[in-house]
1. Carbon and sulfur: what percent of segment 56-116's accessible surface (1.4 Å probe)?
2. Determine the share of segment 156-198's accessible area contributed by carbon and sulfur atoms, expressed in whole percent, with a 1.4 angstrom probe.
3. Note the angle between two axes, namely the Cα long axis of helix 169-195 and the longest principal axis of the Cα atoms of the chain, as a number of degrees from 0 to 90, rounded to the nearest 10.
4. Using only Cα atoms and rounding to the nearest 10 degrees, what angle (0 to 90) does helix 61-85 make with the longest principal axis of the chain?
5. Which order do peptides 70-81, 143-154, 106-117, 18-29 fall in by mean Cβ count within 10 Å, highest first?
6. Which one, (1) 1.02; (2) 1.48; (3) 1.22, gives Cα Rg over 2.2 N^0.38 Å as derived from the coordinates shown?
7. For I149 paired with L45, estimate the spin-label separation in nm (one decimal), with each label point 7 Å from Cα along the Cα-to-Cβ line.
8. Please work out how much length the chain gains when fully extended from L142 to I19, using 0.36 nm per residue of separation minus the C-alpha to C-alpha distance, in nm with one decimal.
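The values are calculated or read from the model by the stated rules, or taken from the named source; none is laboratory data. Computed from a predicted structure; not experimentally measured. For neighbour counting, all protein chains shown are included, and Cβ atoms are generated from backbone atoms with ideal geometry for every residue, glycine included. What goes into the accessible areas is simple: the full protein's heavy atoms, side chains included, and nothing from ligands, DNA or RNA. Shrake-Rupley method; radii C 1.70, N 1.55, O 1.52, S 1.80 Å.
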Amino acid sequence: MAERVSPFDDPAERATAGIFGMACFIISLAMVFFATMLAVVVIRLQDTQPWPPGGGGVLPPSLLASTIVLLVSSGTMVVADRAARIGRARTLARWMTITFALAMLFLLTQGVAWWELLAIGVGIDANLWAWSFYVLTALHALHVLGGVIPMGFVMARARRGGYSVEDHRGVTHIAMYWHFLDLAWLGLYATLWWVTGS
């Protein structure tokens with residue numbers, strides 16, 4: 001009887017399966033983000049009052065800063081992923097560390113945005129605009145936090161020289177997730193910008 005060989009015994013097959021699995025996961029998350037943004041848009045279109053009440057509302061300045069930080073982190077992730085693909089271990093470790101630091105900075109600046117609103121007495125229950133702001137930013141921040149944890153493991157392994165040209169799946173998977181979060185944030189930020197002051 002012939003010996004059965006699993007396709008997952010082949011590193012290339014495992015890599016392909018991992019990418020497919022991550023793509024399925026990202027598609028499911030994209031539906032969650034899209035549905036949430038659509039709900040906010042529908043609520044805004046049905047509300048005849050200005051957002052926020054009284055008009056003249058602006059997004060906290062730190063929100064733009066956090067957007068810039070996230071865009072830069074996506075760029076540093078591209079460099080890290082490229083380094084993994086060509087086997088440049090030290091470059092990978094350096095750029096994964098920078099990306100991780102930027103991810104933490106993003107979360108910090110998001111916290112500052114919340115603090116700016118709370119400091120002027122705008123909590124989640126203040127009005128529909130505030131509810132939309134907190135829900136959209138919290139939804140994304142929780143997914144960023146969920147990405148920072150595995151990113152920390154990938155960074156630690158990269159710093160130990162644990163990736164090679166033949167096996168760098170962890171870097172590829174976290175890069176896919178991180179770029180998705182970047183695109184999702186741009187959609188969320190655009191939604192918040194549109195509903196603010198309209």
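1. Carbon plus sulfur share of accessible area: 73 percent.
2. About 59 percent, which is the carbon plus sulfur part of the accessible surface.
3. 10 degrees
4. 10 degrees
5. The densest-packed peptide leads the list: 70-81, 106-117, 143-154, 18-29.
6. Recomputing Cα Rg over 2.2 N^0.38 Å here picks out (3).
7. With each label placed 7 Å out from Cα toward Cβ, I get 3.7 nm.
8. Taking 0.36 nm per residue and subtracting the Cα distance, the gain is 42.0 nm.
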